[in-house]
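Here the structure is laid out as structure tokens; the discussion comes afterwards.
The values are calculated or read from the model by the stated rules, or taken from the named source; none is laboratory data. In this text, all values refer to a predicted model and were calculated from it rather than measured experimentally. Here Cβ is always computed from backbone atoms with ideal geometry, including for glycine, and neighbour counts include all displayed protein chains. These accessible areas exclude ligands, DNA and RNA; they are computed on the full protein's heavy atoms, side chains included. Shrake-Rupley method; radii C 1.70, N 1.55, O 1.52, S 1.80 Å.
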Amino acid sequence: MIEQDTIKLLRECDAGVQMGISSIDEVLDNIQNEELRQLLIDCKNEHIKLVHKIQVLLDRYHDTGKAPNPMAKGMSWIKTNVKLAVEDSDGTVADLMTDGCSMGVKSLSRYLNQYAAADEECKDIAKSLVRIEEQLMKDLRNYL
């Protein structure tokens, strides 16, 4: 049970990190404020560090990971582009990113509870990702 929960939680972390990186990449060209741009670049770099940790563990369990849900990714892309077409501002970017972080924290918290038998190293990665997302939401408040 431990191994199965570990693999499932790693897959969800993998999908979540990829979704976060993709979402940041999607909005970077729309940012005017350099401090906001740097905040998102720093957050993206934290996500990339987690990608490497997740991949090491996935390799250990001989698993390929999980891509973000195509429907969720597509809906995110549509929402982002529609909102930015209506109002292309740093506030809109901060609002979109806050929504994404909130969904990520909610999903990861659910998966941490669902896969409670996962090993501690895997849980630590999930918790680390939650902390990164929560900190970004807090930092984005200045731009809403």
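Counting only other residues whose beta carbon sits under 12 Å from that of Ala118, what net charge do I get with K and R as +1, D and E as -1?
Value of the local net charge: -3.
In degrees from 0 to 90, rounded to the nearest 10, what is the angle of the helix 90-114 Cα long axis to the longest principal axis of the chain?
That works out to roughly 10 degrees.
What angle do you read, to the nearest 10 degrees and between 0 and 90, between the alpha-carbon axis of helix 2-27 and the longest principal axis of the chain?
10
Quick one: dipole size for segment 8-100, taken about the Cα centre, charges +1 on Lys/Arg Cβ and -1 on Asp/Glu Cβ, in debye to the nearest 20.
600
What do you get for the angle between helix 70-86 and the principal long axis of the chain? Use alpha-carbon atoms, 0 to 90 degrees, nearest ten.
10
When the dipole is taken about the Cα centre of segment 45-95, and only Lys, Arg (+1) and Asp, Glu (-1) are charged at their Cβ, what size is it in debye, to the nearest 20?
300
Which residue fluctuates the most in the chain, going by a Gaussian network model with Cα springs under 10 Å, if the choices are Glu12, Glu133, Glu35?
For the chain, modelled as a Gaussian network with Cα springs under 10 Å, the answer is Glu35.
Less than 10 Å Cβ to Cβ from Asp95, Lys/Arg counted +1 and Asp/Glu -1: what total charge do the surrounding residues give?
Result for the neighbourhood of Asp95: -2.
What number, rounded to the nearest 500 deg cm²/dmol, is the helix-based mean residue ellipticity at 222 nm of the chain, given -39500 (n - 2.57) per DSSP H run of at least four residues and division by all its residues?
Taking each H run of at least 4 residues, the total per residue is -28500 deg cm²/dmol.
In whole percent, how big is the carbon plus sulfur part of the accessible area of the chain, probe 1.4 Å, protein atoms only?
On the chain, the fraction of accessible area on carbon and sulfur atoms equals 53 percent.
Quick check: net charge around Val86, other residues with Cβ under 12 Å of its Cβ, Lys/Arg +1 and Asp/Glu -1?
-1
Only Cα pairs under 8 Å and at least 6 apart count here; give the relative contact order of the chain as a rounded whole percent.
Value for the chain: 43 percent.
How many angstrom lie between the C-alpha centres of segment 91-116 and segment 55-88?
12
What translational diffusion coefficient, to the nearest whole µm²/s, does the chain have by Stokes-Einstein, given a Kirkwood radius computed over alpha-carbon pairs, a temperature of 37 °C and 0.692 mPa s viscosity?
Translational D for this selection: 212 µm²/s.
Take the cross-link list Lys83/Lys127; Lys44/Lys123; Lys49/Lys79; Lys53/Lys106 and give me the ones stretching past 25 Å between alpha-carbons.
Among Lys83/Lys127; Lys44/Lys123; Lys49/Lys79; Lys53/Lys106, the Cα-Cα distance tops 25 Å for Lys83/Lys127; Lys49/Lys79.
Rounded to the nearest whole Å², what accessible area per residue is found for the chain with the 1.4 Å probe?
I get 56 Å² per residue for this part.
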